[in-house]
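Quick notes on the structure that follows.
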Amino acid sequence: MLRARSVTKSYGQDATRVTALRDASFDIRRGEFVLIVGASGSGKTTLLNMIGLLSSPTSGRVIIEGVDTTRLDSSGMAAFRNRRLGFVAQFANLLVDLTILENVMLPRQIAGGGWSRGGRPRRDALELLRSVGLEAQAAQRANKVSGGQAQRAAIARGLINRPSIVLADEPTGNLDSVSSESVVRLMKDTARRLNQTFVVVTHDREYFGEVDRVITVSDGRVYEEEEEDGRRAPGPGGRQGGAAAAAAATAPVVPAPAPTAARQREVLP
Amino acid sequence: MGYRPRLAKRMLFNRRGSLIGAVLAVTIGILVIHVNFVIFQGLYDAIVRDIGDYRTGDIIVTDEDSFITKSELAVASWFERNPSVEAVAPRISASAEINITKSGRLIEETRVPVVGVDPYRDIKASTVHTTVSDGSYVFARNSVVLGTNVARDLGGATVGDSIKLMVVDRWGEEQIRRLVVSGIASSPGGQGFDYSAVMHIHTLRDMMARDGETGSFMVKMADEGQAAAVRDLFLRSFPSDDFVAETIEEASEEQLQGFRSGIAMINMIGYFGMMSSAFAIVTIQMMIVNGKTREIGILRALGARRRDVLVIFIMQGMLIGAIGAGVGTAAGLSYTFYAKETKMSFNNSLPLEVSYDWAKILQTALMSFALAILASLYPSYRATRLVPVEAMRAV
Ligand SMILES: Nc1ncnc2c1ncn2[C@@H]1O[C@H](COP(=O)(O)OP(=O)(O)O)[C@@H](O)[C@H]1O
Ligand SMILES: [Mg+2]
């Protein structure tokens, strides 16, 4: 479903040139819940931006659902982002001049009236808001809700066009632990319920419990970390996620920076 | 409503300060143009009105030589037969020397313009008689109306005073008559006969030895729109006479030319005012764009194209333009209405000729609207140049 091939991204020219991402290649399969972890400045956001078509790689290709996205022009990329991708940023995700409901409807409206996979935008948006527990806030202006509620609304918005992949860049980075847990639980439940692919950049590895895969970025290079199935299984519905996360917070199982060579292998095509 | 107009509206309306600032800029631009129009076009029209009312009518007929020799009756009755003509009045003018004995002292004024009028016809074709503030208009062969300035220069001549008036006749002989002051003329704005004397046309003709001759005919139209046509018809009807017939615009062209270029310059100032409101809009729109950097990035991430971002901010410009044009035009019309109702006058004397020029009002409103959109183009373009990643980086 997603294939990244030798994706490299450099910023700047000549002397000031920084290569933030070097020769990254990996696949993501439908329905997978993938975490991207790594130290600050290691290139996680750069990687997410490449697969989110928010900027173009310096070289390499990103193929999503068989489309070589590096070949799209600016408006082709915009249309692709709109219909195939959902975005959740670290903070201030919502347009503060709109209500929560209008924010959730926005990608559908950007897609235009002609394009809707079943149902009218309003009805779909309300249903999504119900599923993220924000039905009561639908009519509130986006700057009137809490940070956790805003992230939940952003997740709902990311789902409205039934995207191939939802991309989230540190979605819990600005939240307290209670809100973080509930946002993580929402993403994991949604992933399971809708067989929705998620790619999530995080510093808070411990909140996520068991995931399908963890990709580690270190100094612009991508490593895939083996995930032993069931090792940290939070149980059905992720109900015990809070307890697991609390335990993880006192004794982190996975140290975020500098994974050891033994626990990583470079992913090659 | 689509998301673009909705966002354009909300982003603007949720920023009261920017909205009020931008709308005010447009409003002031329009108001300046309206106020300029009321004052300066009103002044111009007032002067044209007074020249017509007091001196030329809608058509003025003169002769290539100084005097018309054709009979007064022939010319007057030709015009009076035309249904679009309201009235016609003959006049003759000369330069006079006037003296008066006031409390035993002789006061003399030279080179006073003196106009001979037909009292019966003149009050129909001209409004000079309405400027007689004291006493009455010329009614007898020996009555004279003194302009207020002439009366003052004659030591404060008043109604009932007797004066001596001397003109030089066509043969170079001095002719003197004793006349009685019947009234003092003082026109609002001083465009009337405040510096002249008005007397009976028969008496003046007699003194000038120009029996049956006329200096000019002023023709007042019932239908002003027909002035040029009637003028042409008149000239064709008397091909063998050396008549000169001009509409008021033609006759006062020289007098008004300077004024018109003055108005053009003042209008330029108005347009410069509009330009500065455009710059204000550029600034305000740039502020809005800068304040919305991150949200624009999010919009782009969600799939809005560059074009959509452009449209949102141009729509915002349209909103500013529409509201500003509406408020500005309303303010301008209120001022015009106020000026008209209170019979506003220039310099506290000349009553302005206040009118509603709907074509110009519409043009001003449309121009401000267009300018607001134009002023939004650059900020809108800047908004489209934001790269989503960079925009979302901004805190
Ligand atoms: N627009 C940019 N211009 C120059 N350097 C950049 C830019 N964006 C990111 N970088 C650099 O690329 C590297 C990776 O950044 P980033 O992907 O944001 O890391 P992370 O998300 O893992 O913290 C950092 O060294 C950062 O300074
Ligand atoms: Mg980052």
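What follows draws every value from the coordinates through simple rules; no lab data is involved. Predicted model, so just to flag it, every value in this text is computed and none were measured. Here the Cβ is made from the backbone with ideal geometry for all residues, glycine too, and neighbour counts use every protein chain on show.
Shape call for segment B:1-119 from the C-alpha gyration tensor, a ≥ b ≥ c root eigenvalues: rounded (a/c under 1.5), prolate (a/b greater than b/c) or oblate?
Values: a/c = 5.95, a/b = 2.33, b/c = 2.56.
Oblate.
Would you mind getting me the FRET efficiency between B:R111 and B:T283? Use the beta-carbon distance for r and R0 = 60 Å, nearest 0.05.
Computed FRET efficiency for B:R111 and B:T283: 0.50.
Quantify how strongly other chains surround peptide B:11-19 by giving the mean number of their Cβ atoms within 10 Å of each of its Cβ atoms.
1
For peptide A:42-53, how many partner chain Cβ atoms fall within 10 Å of a residue's Cβ, on average?
Details: counts 0, 0, 0, 3, 1, 0, 1, 4, 0, 0, 3, 3.
Per residue, the average neighbour count from other chains is 1.
Just flag the GluC sites (Glu not before Pro) in segment A:1-103 sitting in loop per DSSP whose Cβ has no more than 13 other Cβ atoms within 10 Å. Intermediate values should be presented prior to the final figure.
Numbers: sites: A:E32, A:E65, A:E102; in loops: A:E32, A:E65.
Those that pass, being in a loop and sparsely packed, are A:E65.
Taking amide H atoms as placed 1.01 Å from N in the peptide plane, list the residues 5 or more away in sequence, or in a different chain, whose amide H sits under 5 Å from that of B:L350.
Excluding prolines and chain starts, which carry no amide H, the hits are B:G189.
Using the alpha-carbon atoms, what tilt in degrees (0 to 90, nearest 10) does helix B:16-36 show relative to the longest principal axis of chain B?
With both axes taken from Cα atoms, the answer is about 20 degrees.
Skipping prolines and chain starts, which residues have an amide H placed within reach, meaning under 5 Å, of the one on B:G215, given they are 5 or more residues away or on another chain?
Residues meeting the amide H criterion: B:I68, B:R91, B:I92, B:S93.
Counting only other chains, and only Cβ atoms inside 10 Å, what mean value do you get across the residues of B:290-302? Let's see the in-between values first.
Working: counts 0, 0, 3, 0, 6, 8, 1, 3, 10, 5, 7, 15, 19.
Mean inter-chain Cβ contacts per residue within 10 Å come to 6.
Counting only C-alpha contacts under 8 Å and six or more residues apart, can you give the relative contact order of segment B:144-263 as a whole percent?
23 percent
In whole Å, how far is the Cα centre of segment A:5-33 from that of segment B:345-379?
So the two Cα centres are separated by 58 Å.
Based on the mean of other beta carbon atoms within 10 Å per residue, what is the order of A:211-221, B:27-37, most packed first?
B:27-37, A:211-221
Sum up the charges of everything whose Cβ sits under 10 Å from the Cβ of B:L154, counting Lys and Arg as +1 and Asp and Glu as -1, but leave B:L154 out.
-2
Find out how many positive minus negative residues lie around A:T45, taking Lys and Arg as positive, Asp and Glu as negative, among other residues whose Cβ is under 11 Å from that of A:T45.
Once positives and negatives cancel, what remains is +1.
If contacts are Cα pairs under 8 angstrom and at least 6 residues apart, what is the relative contact order of segment B:66-241 in percent? All intermediate terms of the calculation are to be shown ahead of the outcome.
Numbers: 379 pairs, mean separation 55.0, N = 176.
Result for segment B:66-241 is 31 percent.
Going through segment B:166-237, which GluC sites (Glu not before Pro) have at most 11 other Cβ atoms within 10 Å and a DSSP loop state? If you can, show how the numbers build up before the last one.
Details: sites: B:E173, B:E174, B:E213, B:E224; in loops: B:E173, B:E213.
Those that pass, being in a loop and sparsely packed, are B:E173.
How would the protein assembly as shown be classified by its alpha-carbon gyration tensor: rounded, prolate or oblate, with rounded meaning a/c under 1.5 and the a/b versus b/c comparison settling the rest? Spell out each step's value before the answer.
On the way: a/c = 4.65, a/b = 4.22, b/c = 1.10.
Prolate is the answer for the protein assembly as shown, as a/c is 1.5 or above and a/b outweighs b/c.
Round to a whole angstrom and tell me the spacing of the C-alpha centers of segment B:257-322 and segment B:60-129.
59 Å
Angle check, please: helix B:72-81 long axis (alpha carbons) against the longest principal axis of chain B (alpha carbons), in degrees 0 to 90, nearest 10.
Between helix and principal axis, roughly 40 degrees.
With axes computed from alpha carbons, what is the tilt in degrees of helix B:3-13 against the longest principal axis of chain B, rounded to the nearest 10 within 0 to 90?
Rounded to the nearest ten degrees, it is 60.
What span do the alpha-carbon atoms of chain B cover on each of the three principal axes, reported in whole Å from largest to smallest?
Computed over the Cα atoms, the extents are 100, 54, 30 Å.
Taking square-rooted eigenvalues a ≥ b ≥ c of the alpha carbon gyration tensor, is segment B:41-110 rounded, prolate or oblate, where a/c under 1.5 means rounded and, failing that, a/b exceeding b/c means prolate?
oblate
Whose amide H sits under 5 Å from the amide H of B:D194, counting only residues 5 or more places off or on another chain, with H placed in the peptide plane?
Close amide H contacts, sequence-distant or interchain: B:S187.
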